[in-house]
Amino acid sequence: MLRQFYLMRGSLSRVLPLFIWAAVDIVLWGFITRYLDAVSSASFTFVPVFLGAVLLWDFFIRVMQGVTMAFFEDVWSRNFLNIFATPLSLPEYLGGLVITGIATSAIGLLAMVALATTVFGLSFLMYGLLLIPFILVLFLFGIALGILASAMVLRLGPAAEWFVWPIPALISPFAGVFYPISTLPQWMQVISHLLPPSYIFESIRAIVSGGAASGMGLLWGGCLAVLYILAACWAFARVYRHAVRTGLIARYSAESVS
Amino acid sequence: MQHVLSVKNLCKTYGGKIAVDKVSFKVSQNEIVGLLGPNGAGKTTTINMILGVLEPNAGTITIEGHDIATQRPAALERTNFAAVYAPLPGNLTVCQNLRIFGLLYGVKNLSARISALLGEFNLGEFRDKKCGVLSSGEQTRVCLAKAMLNNPHLLLLDEPTASLDPAVAKDIRARIREFAAKGTAGVLWASHNMYEVEEVCDRVLFIASGKILLQGDPKTLPRRHGKKTLEELFIAVAREPLTLEGEFP
């Protein structure tokens, strides 16, 4: 964590991405929702439906990227050998990645909330206390995907980093960020039901339409998110053991020796 | 004399290739042991297994009585290393890197320890410089400072003076000799530099094709095997290891 702090402190190119892209998204979708409000005859405002969804989806992406970026700093600086030759345990290492993810995503979330509420009038009062489980489930799933993505890069090598960036985009059609899950064909709906974010966005649409969020759905989404975190940690531990057995940890650094 | 490091019947195979073949040796307190061998002999593989970043197929490694396989944190908090292929992150300053690794090793009075090491390795002027902009000699000194952070009882060095000019290399050797002479630590030093091994090491182990073929005092070992210099003996070992197999039980 201290390492990430030092890196952020001296680097505008690391600090700006924490909130700039999310802010751009909020601005873009803020104006889209204003336009839709103006031209549509819907009985509800698009601001909490779309802008709120974008904000929460971007928060999930920031959480995942917070974890993976912390891991990538060790990949890019070929620091695995130095790190794993210390008494640091694997749970401590993963814990550090998660705490970094929390800190960096909190910055992004604050920036997005400030922009969405002041400029576009997004109010979280509509979600009430359910905002807490919304944030929590997305946070847990973001952590799970971040750890799993890190495991993938550890297993496949530094070039696999390029598989990580598109993950949120690949998930978003199934997560029902902008439309009800019922819009999707049956086979996609099956996948949606396995994704914790889909329960969040369905709940948001239910609340905005004047209905109530499904408590069972949220509970199920939360349990899935916890399950995925446990599975991701198990996968990372397996990959780490494979790396130690095969010498991958040592070779990540040795690749720099001609 | 107490053994800092005890390696017994260590084996490592990559696929069908035997990288380390029943290697056994010890390093005592106050001793510098050189690990010599041609490229691909198994030196770095052995060091990586001692560091716990590579799992052996068989054998045991204990560091001051702590088995690296089952008591990893206890073993590693007494150990440290410096290697030419493991520089510290270049995007952090010297002081930041030492602080982070000091925390990882649980070093007490860390600020004072960092200040002392910066003085000892003449790194004071580079304190707030990013490691990536330092010269290779300066980076090596930073790595060695990191390696000394926790006053290790076992110091592992993998070609620490490679790519250094002779003056800097001599300085580094002197510091490591001084460190070992303090009496609480043992050093395992992998190197290709025969001159440096002869100058610094109390004992050398010749490893080739994953086996330890010879061991002894680097000043007397060549003559025992009919060679004039350690370099001649090294070349003989590198070229015809099978002729020496069996000399080291």
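The values are calculated or read from the model by the stated rules, or taken from the named source; none is laboratory data. Treat the numbers as computed from the prediction; the structure is a model and nothing was measured. Glycine also receives a Cβ, built like all others from the backbone with ideal geometry; neighbour counts cover every protein chain displayed.
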It is to be established whether one or more residues within the range A:25-46 are within 30 Å of B:ALA147 (Cα to Cα) and touching a Phe, Trp or Tyr at 6+ places or on another chain (Cβ under 7 Å).
no
Matching residues, the range B:68-86, being within 12 Å of chain A (Cβ to nearest Cβ) and of a type in the set (Ser, Thr, Tyr):
B:THR79, B:TYR85
Condition check: part of a helix (DSSP H, G or I), within 14 Å of chain B (Cβ to nearest Cβ) and in contact with a helix residue (DSSP H, G or I) (Cβ under 9 Å, 6 or more places away or on another chain). Does A:LEU154 satisfy that?
yes
Can you name the condition, by its number, that B:TYR195 falls short on among (1) modelled with pLDDT under 90; (2) under 24 Å from A:ILE83 (Cα atoms); (3) among the aromatic types (Phe, Trp, Tyr)?
(2)
Within the range A:166-176, does at least one residue satisfy the condition of being of a type in the set (Gly, Ala, Ser) and either surrounded by fewer than 15 Cβ atoms within 10 Å (Cβ to Cβ) or over 30 Å from A:PHE71 (Cβ atoms) (or both)?
yes
Residue list for the range B:92-105, restricted to those being touching a Cys at 6+ places or on another chain (Cβ under 8 Å) and not hydroxyl-bearing (Ser, Thr, Tyr):
B:LEU92, B:VAL94, B:ASN97
Picking from B:LEU104, B:LEU110, B:LEU118, B:LEU98, which residue would you name as being within 10 Å of chain A (Cβ to nearest Cβ), modelled with pLDDT of 90 or more and closer than 24 Å to B:LEU76 by Cα?
B:LEU104
So, in the range B:48-67, exactly how many residues are crowded, with 22+ Cβ neighbours inside 10 Å and more than 9 Å from chain A (Cβ to nearest Cβ)?
4
Considering only the range B:149-169, how many residues are closer than 25 Å to B:TYR195 by Cβ, modelled with pLDDT of 90 or more and over 8 Å from the mean Cα position of the chain (by Cα)?
1
Just to be sure before I move on: is B:LYS8 within 14 Å of chain A (Cβ to nearest Cβ), in contact with a Ser or Thr (Cβ under 8 Å, 6 or more places away or on another chain), among the charged types (D, E, K, R) and not in a loop (DSSP other than H, G, I, E, B) in the structure I sent?
no
How do the pairs read when you match residues in the range B:200-225 that are closer than 20 Å to B:GLN29 by Cβ with residues anywhere that are among the hydrophobic types (A, V, I, L, M, F, W, C) and part of a loop (DSSP other than H, G, I, E, B), using Cβ under 6 Å and keeping only pairs 6 or more apart or on different chains?
B:GLN215/B:PHE248; B:PRO218/B:CYS201
When the range A:1-43 is examined, which residues are found to be among the basic types (Lys, Arg) and within 14 Å of another protein chain (Cβ to nearest Cβ)?
A:ARG3, A:ARG9, A:ARG14
Among the candidates B:GLY137, B:GLY119, single out the residue that is free of Cβ contacts under 8 Å to residues at least 60 places away in the same chain and over 22 Å from the mean Cα position of the chain (by Cα).
B:GLY119
Subset of the range A:24-49 [out of contact with any Asp or Glu (no Cβ under 8 Å at 6 or more places or on another chain) and either under 30 Å from B:THR93 (Cα atoms) or buried (at least 19 other Cβ atoms within 10 Å of the Cβ) (or both)]:
A:TRP29, A:GLY30, A:THR33, A:PRO48, A:VAL49
Inspect all residues belonging to the range B:95-107 and state whether any of them is closer than 20 Å to A:LEU88 by Cβ and of a type in the set (Val, Ile, Thr).
yes
Using the structure shown, decide if A:ILE204 is among the β-branched types (Val, Ile, Thr), touching a residue at least 24 places away in the same chain (Cβ under 8 Å) and within 14 Å of chain B (Cβ to nearest Cβ).
no
Restricting attention to the range B:48-61, report how many residues are part of a strand (DSSP E or B) and over 16 Å from the mean Cα position of the chain (by Cα).
3
Scan the range B:126-146 and give yes if some residue there is more than 10 Å from every other protein chain (Cβ to nearest Cβ), out of contact with any Leu (no Cβ under 9 Å at 6 or more places or on another chain), in a loop (DSSP other than H, G, I, E, B) and hydroxyl-bearing (Ser, Thr, Tyr), otherwise no.
yes
Restricting the range B:24-47 to residues that are buried (at least 24 other Cβ atoms within 10 Å of the Cβ) and assigned to a strand (DSSP E or B), which is modelled with the lowest pLDDT?
B:LEU36
Do we find a residue being more than 21 Å from A:ALA250 (Cα to Cα) and in a helix (DSSP H, G or I) anywhere in the range B:149-166?
yes
Please state which of the following conditions A:LEU94 fails to meet, knowing it meets all the rest: (1) away from chain B (no Cβ under 14 Å); (2) free of Cβ contacts under 8 Å to residues at least 60 places away in the same chain.
(2)
Only one of these is over 30 Å from B:ALA74 (Cα atoms) and either within 14 Å of another protein chain (Cβ to nearest Cβ) or of a type in the set (Val, Ile, Thr) (or both): A:ILE83, A:ILE147, A:ILE107. Name it.
A:ILE107
Filter result (in a loop (DSSP other than H, G, I, E, B) and over 24 Å from B:ALA190 (Cβ atoms)) within the range B:72-118:
B:ASN91, B:LEU92, B:GLY106, B:VAL107, B:LYS108, B:ASN109
